[in-house]
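All remarks here apply to the structure that follows.
The values are calculated or read from the model by the stated rules, or taken from the named source; none is laboratory data. On a predicted model such as this, the values are computed, not experimentally measured, just so you know. Glycine gets a Cβ as well: all are built from the backbone with ideal geometry, and neighbour counts include every protein chain shown.
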């Protein structure tokens, strides 16, 4: 069995509308699902992706209104790396992000910047032939658009402790850089020396990274995680996909998520993310949930 690269990455925001304005407005991703945190349905869970809502480009955010800024530390993801097509795309993003008031740092064939809450992103010229996962945006030419995830960079004081489990799960590599590559996609996890200050979970930090599994192999992955010495949760049905969670030895929270059924299971593909979607088990809470959530809108809705 092989993971099909990164399924999604979930982070934390303190303000849903500001988050939408940046990720859908500035970065040009499509808001494909506006729902709630299934472990705390009083708050939003926002999903951004490519035009089709595919795994591999899906960055998601739990909104905890007013949450203080977090800080990445040992056992936490500190940077999300995206693919772009060519150096010209880095030129485009350097200008676009600068115009939006975002400080950028060019490093050869990559561009580094922080989102408005301090979450670090790296845009890198792609070195693989994976299908580009692109969203449509009137201000972002397709040739310059983000093309899906390349990697997560995490802090670890003992990266060697993660090696046995990563190898058990089919990751290949070594010396702190590991790739999970399936038949269609691949993605990396890279470990760096942690800062002295301990991490603080909060706005602008990554909560977990999910790796993509076929539905048919999902239960077998859980068995393999147990065989590798980790302690996974039972399979949890998230309606849009099924999930297993566990901490790998460096402390990073991993998820294994299924490729499907997907975001179009409960609303039309052409209007993904425009209305509040609730899984069937939460539908009876709609009146209460909507009363607690501040209304938000996506750029597509504003543009009609």
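Taking residue 278 as meeting all but one of (1) over 30 Å from residue 199 (Cα atoms); (2) without any contact (Cβ under 8 Å) to a residue 40 or more places away in the chain; (3) touching a strand residue (DSSP E or B) at 6+ places or on another chain (Cβ under 7 Å), write down the number of the exception.
The one condition residue 278 does not meet is (2).
Do the conditions hold for residue 67, that is, is it outside any strand (DSSP E or B), in contact (Cβ under 8 Å) with a residue 60 or more places away in the chain and buried (at least 23 other Cβ atoms within 10 Å of the Cβ)?
Details: outside any strand (DSSP E or B): yes; in contact (Cβ under 8 Å) with a residue 60 or more places away in the chain: yes; buried (at least 23 other Cβ atoms within 10 Å of the Cβ): no.
It is false that residue 67 is outside any strand (DSSP E or B), in contact (Cβ under 8 Å) with a residue 60 or more places away in the chain and buried (at least 23 other Cβ atoms within 10 Å of the Cβ).
If residue 46 meets every condition in (1) over 12 Å from the mean Cα position of the chain (by Cα); (2) within 22 Å of residue 65 (Cα to Cα) apart from one, which number is that one?
Condition not satisfied by residue 46: (1).
With 179, 139, 131, 219 as the choices, which residue is exposed (fewer than 15 other Cβ atoms within 10 Å of the Cβ) and under 18 Å from the mean Cα position of the chain (by Cα)?
Values: 179 fails: exposed (fewer than 15 other Cβ atoms within 10 Å of the Cβ); 139 fails: under 18 Å from the mean Cα position of the chain (by Cα); 219 fails: under 18 Å from the mean Cα position of the chain (by Cα).
Only one candidate passes the filter, namely 131.
Out of all the residues in region 190-213, is one or more farther than 30 Å from residue 68 by Cβ, within 18 Å of the chain's Cα centre (by Cα) and not in a strand (DSSP E or B)? If you could, list the steps in order and put the result at the bottom.
Step one: of region 190-213, the residues farther than 30 Å from residue 68 by Cβ are 212-213.
Going one step further and asking which of them are within 18 Å of the chain's Cα centre (by Cα), we end up with 212-213.
Adding the requirement that they be not in a strand (DSSP E or B) leaves none.
The answer is no, given that none of the residues of region 190-213 is farther than 30 Å from residue 68 by Cβ, within 18 Å of the chain's Cα centre (by Cα) and not in a strand (DSSP E or B).
So if I check each of 195, 164, 159, which one is in contact (Cβ under 8 Å) with a residue 12 or more places away in the chain, farther than 18 Å from residue 57 by Cα and touching a strand residue (DSSP E or B) at 6+ places or on another chain (Cβ under 6 Å)? Write out each step before concluding.
Values: 195 fails: touching a strand residue (DSSP E or B) at 6+ places or on another chain (Cβ under 6 Å); 164 fails: touching a strand residue (DSSP E or B) at 6+ places or on another chain (Cβ under 6 Å).
After ruling out the rest, the residue left standing is 159.
Determine if region 257-273 includes at least one residue that is crowded, with 17+ Cβ neighbours inside 10 Å and under 30 Å from residue 198 (Cα atoms).
The answer is yes; a qualifying residue exists.
Please work out if residue 229 is modelled with pLDDT of 95 or more, crowded, with 17+ Cβ neighbours inside 10 Å, at positive phi and in a loop (DSSP other than H, G, I, E, B). Break it down into steps so the answer makes sense when it comes.
Details: modelled with pLDDT of 95 or more: yes; crowded, with 17+ Cβ neighbours inside 10 Å: no; at positive phi: yes; in a loop (DSSP other than H, G, I, E, B): yes.
So residue 229 fails the test.
State all residues of region 172-189 that are in a loop (DSSP other than H, G, I, E, B), without any contact (Cβ under 8 Å) to a residue 60 or more places away in the chain and either closer than 15 Å to residue 8 by Cα or in contact with a strand residue (DSSP E or B) (Cβ under 7 Å, 6 or more places away or on another chain) (or both); if no residue qualifies, say none. Talk me through it step by step, then tell me what you get.
Taking region 172-189 first, the residues in a loop (DSSP other than H, G, I, E, B) are 175-176, 182-185.
Those left that are additionally without any contact (Cβ under 8 Å) to a residue 60 or more places away in the chain: 175-176.
Scanning region 172-189 gives a single hit, 176.
Can residue 52 be described as farther than 21 Å from residue 207 by Cβ, in contact (Cβ under 8 Å) with a residue 40 or more places away in the chain, out of contact with any strand residue (DSSP E or B) (no Cβ under 8 Å at 6 or more places or on another chain) and not in a strand (DSSP E or B)? Walk me through it before giving the result.
On the way: farther than 21 Å from residue 207 by Cβ: yes; in contact (Cβ under 8 Å) with a residue 40 or more places away in the chain: yes; out of contact with any strand residue (DSSP E or B) (no Cβ under 8 Å at 6 or more places or on another chain): yes; not in a strand (DSSP E or B): yes.
Taking the combined requirement at face value, the residue satisfies it.
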